[in-house]
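Okay, structure first, notes after.
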Amino acid sequence: MEHDNGRHRMTDEEIETAQLGAAQQVNGQVALSAYDPRWPAVFEREAALIGARFAEGAGASGFRLEHVGSTSVPGLPAKPVIDMLLIVPDPADEASYVPALAALGYEVAVREPDWFEHRCLRKRDLDPSAGSANLHVLPVGCPENDRMLLFRDRLRTHPGDRELYAETKRELALREWKYTQNYADAKTGVVEEILARAART
């Protein structure tokens, strides 16, 4: 099934191919946490570290970093993983940003050259409030950047859509999943519904 962002529900083979190392398996229910007010501060700390590395000339120039995902929306339950979006000129040019991030403990975990050259880097042992971070890297001008930020901002400012998404997450989290990606794909319908409303306003 094709999504508006150019993605489809990923098969097990596609999930495993995109991952460097073992794909993140759930093999059960997804554990959601209540919103933790410490999460924005964890993002700000990581943003400061990343910004300092890039300012030193150790990484990409002209980058933009945003807090995205459920931990960026006050009041929303989430997996305790800080999702961040790093916008760079060319994600495929890993030499321009990966060394700077590796010095901070980030490792390339996902490569998806067929989907906007998306990369995802992970950092573990992040904080007592959030065990890890996912740093999604996408190119300047990529439509997915706008979608992610529009969705975040819609949930921050519209309580009805925020609660709809929260209830969907809670319901889906109780089901059995093999991979975390399967759970993420299952939320697509409600995400598209909320984005459609956001685009009309």
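Within the range 62-72, does at least one residue satisfy the condition of being farther than 24 Å from S33 by Cα, open to solvent by less than 20 Å² (accessible area, probe 1.4 Å), touching a residue at least 24 places away in the same chain (Cβ under 8 Å) and not polar (S, T, N, Q)? No - not one qualifying residue is present in the range 62-72.
The residues of the range 167-177 that are farther than 18 Å from V68 by Cβ and either of a type in the set (V, I, T) or part of a helix (DSSP H, G or I) (or both), listed by number, are E167, R170, E171, L172, A173. Taken as a whole, the structure leaves D146 outside the set of residues that are open to solvent by less than 60 Å² (accessible area, probe 1.4 Å), within 29 Å of I194 (Cβ to Cβ) and of a type in the set (D, E, K, R). On the stretch given as the range 118-141, residues that are under 15 Å from the mean Cα position of the chain (by Cα) and of a type outside the set (K, R) total 13. Given the condition open to solvent by less than 40 Å² (accessible area, probe 1.4 Å) and touching a strand residue (DSSP E or B) at 6+ places or on another chain (Cβ under 9 Å), answer yes or no: does some residue in the range 192-199 qualify? Looking through the range 192-199, none of the residues is open to solvent by less than 40 Å² (accessible area, probe 1.4 Å) and touching a strand residue (DSSP E or B) at 6+ places or on another chain (Cβ under 9 Å).
Figure legend. Inter-residue proximity from the range 169-182: first residues under 20 Å from I194 (Cα atoms) and among the aliphatic types (A, V, I, L, M), second residues open to solvent by 30 Å² or more (accessible area, probe 1.4 Å) and not in a helix (DSSP H, G or I), beta-carbon distance below 7 Å, spacing 6+ or different chains. Indicated pairs: A173/Q29; A173/L32. Entry remark, the range 100-110: residues being touching a strand residue (DSSP E or B) at 6+ places or on another chain (Cβ under 6 Å), buried (at least 18 other Cβ atoms within 10 Å of the Cβ) and farther than 30 Å from E167 by Cβ number 2 in total.
Scanning the range 132-166 for residues that are in a helix (DSSP H, G or I) and among the hydroxyl-bearing types (S, T, Y) turns up T157, Y165. Elements of the type strands (runs of 3 or more DSSP E) sitting completely within the range 21-130 and holding at least 3 residues that are in contact with a Ser or Thr (Cβ under 8 Å, 6 or more places away or on another chain): these cover 81-88, 118-127. Number of residues in the range 94-124 that are within 25 Å of P80 (Cβ to Cβ), of a type in the set (D, E) and modelled with pLDDT of 95 or more equals 1. The set of residues in the range 149-167 being over 18 Å from the mean Cα position of the chain (by Cα) and open to solvent by less than 40 Å² (accessible area, probe 1.4 Å) consists of D161 alone. Considering each residue of the range 80-99 in turn, none proves to be more than 15 Å from the chain's Cα centre (by Cα), surrounded by fewer than 18 Cβ atoms within 10 Å (Cβ to Cβ) and at positive phi.
If I go through the range 15-32 residue by residue, how many of them are at pLDDT 75 or above and either surrounded by fewer than 16 Cβ atoms within 10 Å (Cβ to Cβ) or β-branched (V, I, T) (or both)? If you could, list the steps in order and put the result at the bottom.
First pass over the range 15-32, keeping only residues at pLDDT 75 or above: 28-32.
Then keep just the ones that are either surrounded by fewer than 16 Cβ atoms within 10 Å (Cβ to Cβ) or β-branched (V, I, T) (or both); that gives 28-31.
Selection size over the range 15-32: 4.
The values are calculated or read from the model by the stated rules, or taken from the named source; none is laboratory data. None of these values were measured; they are calculated from a predicted model. FYI the Cβ positions are ideal-geometry reconstructions off the backbone, even for glycines, and counts take in every protein chain you see. Heavy atoms of the whole protein, side chains included, go into the accessibility calculation; ligands, DNA and RNA do not. Shrake-Rupley method; radii C 1.70, N 1.55, O 1.52, S 1.80 Å.
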